[in-house]
Amino acid sequence: MTPSESVMKISHLYKSFGNNHVLIDFNFELYKGENVVVLGKSGSGKSVLIKCIIGLLKPDEGTIDVFDQCINDMDDTELDKIRAKVGFLFQSNALYDSMTVRENLEFPLRRHWIEVSQEEVNNMVMEALEDVGLAHTIDMMPIELSGGMRKRIALARTLILKPDIILYDEPTTGLDSITGSEIISLMIEIKKKYNTSSLIISHDMNCVRRASDRVVVLYDGTCYAAGTYAELQHHTDPKVKQFFEQEFKQ
Amino acid sequence: MSNQTRFQAFLSEAGELSRFAARFFAQCFRPRYEVSEFIRQCYIIGYQSLPLVGLTGFIMGLVLTLQLRPSMVDYGVESQLPAIVGIAIVREIGPVITALIFAGKIGSSIGAELGSMKVTEQIDAMEVSGTNPFKYLVVTRVMAAVCMLPILSVLSDAISLYGAYLGVNVRGATSFHLFWVEVIDSLAFNDVLPAFIKTFFFGFAVGIIGCFKGYNSKKGTEGVGHSANSAVVLSSVVIFILDLLAVQITDLLGFN
């Protein structure tokens, strides 16, 4: 795959919480149709990074451009237009407990003021559910679903607006290895089917190996190393090597 | 924790709560209006609280009458029982007890629901889905609490007075018509209006404190429990403080 058009560019990003400097001069670019995994230890600032990208956290310094538009100083209306094109899969799935699967999937459609008839809404919901293989759960409540099913439904909700970019926050965390593997396969299928660009936050090396076109190592708040999985696997720097040695031990 | 630190924490929380309330007023008049969610909340907060409020109101009226009766008999003013009970329920006991029951049921429920949504990132998910979570979750719930508590309070007063009627008839024989004539005759406009108005403030206090505690819940299930618990405790204390202020203000305005 030849990366071409840039869909997201992060320049000189800084984010601190008091004296805890989480992101320090972080730079990164995501191209159309590629899957990039941001690899880092727990607490290294991976989740903070994608929350800055989606506008849930404001960076202290630096710029984040999504589709050539700087999101830093956008008001809520402008930000919502960008968010309609960027899907976000939360680590905890964040399904609304009080709503059925159908209502969970309809929620982003209705809230983003997308003018579609009820019939079209039904078709879009069914299509998203079929993509994740859970069409039969349409009238169930999230509490009735297993962890893996909830993750798939959350993915279906992310897909419903046909986003150009998908941000995955630790998509396999809390799942057993088989279910985690199924989720990774699903992410790869989605990329092929919709030609989405994805930014995947993970420390699961199976996910990194299978889902990534490119890997970025986040260390000490900065983009410490970048390259393909194969390139980084043979990296000589001990800070990079530790991630891959850990996989070998597993 | 030293007393000074506790006091600082108290002031800090009071400041945060005031800012939260100011944000509510800033957002509640601006579109987009979440009408369907507001109606859903009115149903949950109002209609679903009615059985509990009605039951406690009924028992309160009945017990109050039974407790007052021996003293009234001793003083030879047993015939004044409907009037005394009526004034006590409408002016003070009805609104305050209803608000306390409301705080226990609704304050804890809002605190736990929003706290749970916060720790499971549902509030963030709402924001990502093009929704202003403050408007959708907080404004609708506080508005529903403000609108529903006065209605519940009036219904509770009525049920309470019916309980009082049964209480009067446990050892006496007063007709339903006579009981109500006695109660209505004893009540003046000055008794009803301030009591009704203060329930709006009680409703606001329960709604805003429940939302504040839930919305600012710390991570983890322990935090959710703490939010629910502290929402009830703080709402109950604030209800008594508001009641005290209401009595002083009505006194100052010559309503007493």
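Couple of notes before you dig in:
- All positions within the range A:100-121 that are touching a residue at least 12 places away in the same chain (Cβ under 8 Å) and either more than 7 Å from every other protein chain (Cβ to nearest Cβ) or within 18 Å of A:MET141 (Cα to Cα) (or both): A:THR100, A:VAL101, A:ARG102, A:ASN104, A:LEU105, A:GLU106, A:PHE107, A:PRO108, A:LEU109, A:ILE114, A:VAL121
- Figure legend. Inter-residue proximity from the range A:39-55: first residues more than 13 Å from every other protein chain (Cβ to nearest Cβ), second residues crowded, with 21+ Cβ neighbours inside 10 Å and at pLDDT below 85, beta-carbon distance below 8 Å, spacing 6+ or different chains. Indicated pairs: A:LEU39/A:PHE243.
- Pairs meeting the criteria (first residue in the range A:151-171 and free of Cβ contacts under 8 Å to residues at least 60 places away in the same chain, second residue assigned to a strand (DSSP E or B) and among the small types (Gly, Ala, Ser), beta carbons under 8 Å, at least 6 apart or on different chains) are lacking.
- Scanning the range A:32-55 for residues that are farther than 16 Å from A:ASP220 by Cβ and either of a type in the set (Lys, Arg) or surrounded by fewer than 18 Cβ atoms within 10 Å (Cβ to Cβ) (or both) returns A:LYS32, A:LYS51.
- Cβ-Cβ under 6 Å pairs, at least 6 apart or on other chains, the range B:121-135 side within 7 Å of another protein chain (Cβ to nearest Cβ) and polar (S, T, N, Q), far side crowded, with 22+ Cβ neighbours inside 10 Å and assigned to a loop (DSSP other than H, G, I, E, B): B:GLN122/A:ALA94
- Those residues of the range A:195-250 which are touching a helix residue (DSSP H, G or I) at 6+ places or on another chain (Cβ under 9 Å), closer than 29 Å to A:GLU61 by Cα and of a type in the set (Ser, Thr, Tyr), in sequence order: A:THR196, A:SER197, A:SER198, A:SER202, A:SER212, A:TYR219, A:TYR224
- Here A:GLU182, A:GLU231 are screened, and the one residue that is more than 30 Å from A:GLY133 (Cα to Cα) and part of a helix (DSSP H, G or I) is A:GLU231.
- So A:ALA225, is it outside any helix (DSSP H, G or I) and farther than 22 Å from A:GLU127 by Cβ: yes
- Taking the criterion of being at pLDDT 90 or above and either more than 22 Å from the chain's Cα centre (by Cα) or not acidic (Asp, Glu) (or both), the residues of the range A:109-133 that qualify are A:ASN122, A:ASN123, A:MET124, A:VAL125, A:MET126, A:ALA128, A:LEU129.
- Of all residues in the range A:33-62, those satisfying the criterion of being assigned to a loop (DSSP other than H, G, I, E, B) and within 25 Å of A:ARG210 (Cβ to Cβ) are A:GLY33, A:GLU34, A:GLY40, A:LYS41, A:SER42, A:GLY43, A:SER44, A:GLY45, A:ILE54.
- Candidates in the range A:200-236 are the residues that are farther than 23 Å from A:HIS21 by Cα and of a type in the set (Asp, Glu); of these, the one that is surrounded by the fewest Cβ atoms within 10 Å (Cβ to Cβ) is A:GLU231.
Quick grid of which residues meet (1) modelled with pLDDT of 90 or more; (2) more than 13 Å from every other protein chain (Cβ to nearest Cβ); (3) under 30 Å from B:ILE110 (Cβ atoms):
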site: A:ASN27; (1), (2), (3): yes, yes, no
site: A:ASN35; (1), (2), (3): yes, yes, no
site: A:GLY62; (1), (2), (3): yes, yes, no
site: A:ASP73; (1), (2), (3): no, yes, no
site: A:ASP76; (1), (2), (3): no, no, yes
site: A:LYS85; (1), (2), (3): yes, no, no
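- With respect to the stated conditions, B:VAL85 is at pLDDT below 95 and either away from chain A (no Cβ under 14 Å) or within 15 Å of the chain's Cα centre (by Cα) (or both).
- Here the condition is being assigned to a helix (DSSP H, G or I), over 28 Å from B:ALA173 (Cα atoms) and among the β-branched types (Val, Ile, Thr); of B:VAL85, B:VAL96, B:VAL63, it holds for B:VAL96 alone.
The values are calculated or read from the model by the stated rules, or taken from the named source; none is laboratory data. Worth saying up front: this structure is predicted, and the values here are computed from it rather than measured. For neighbour counting, all protein chains shown are included, and Cβ atoms are generated from backbone atoms with ideal geometry for every residue, glycine included.
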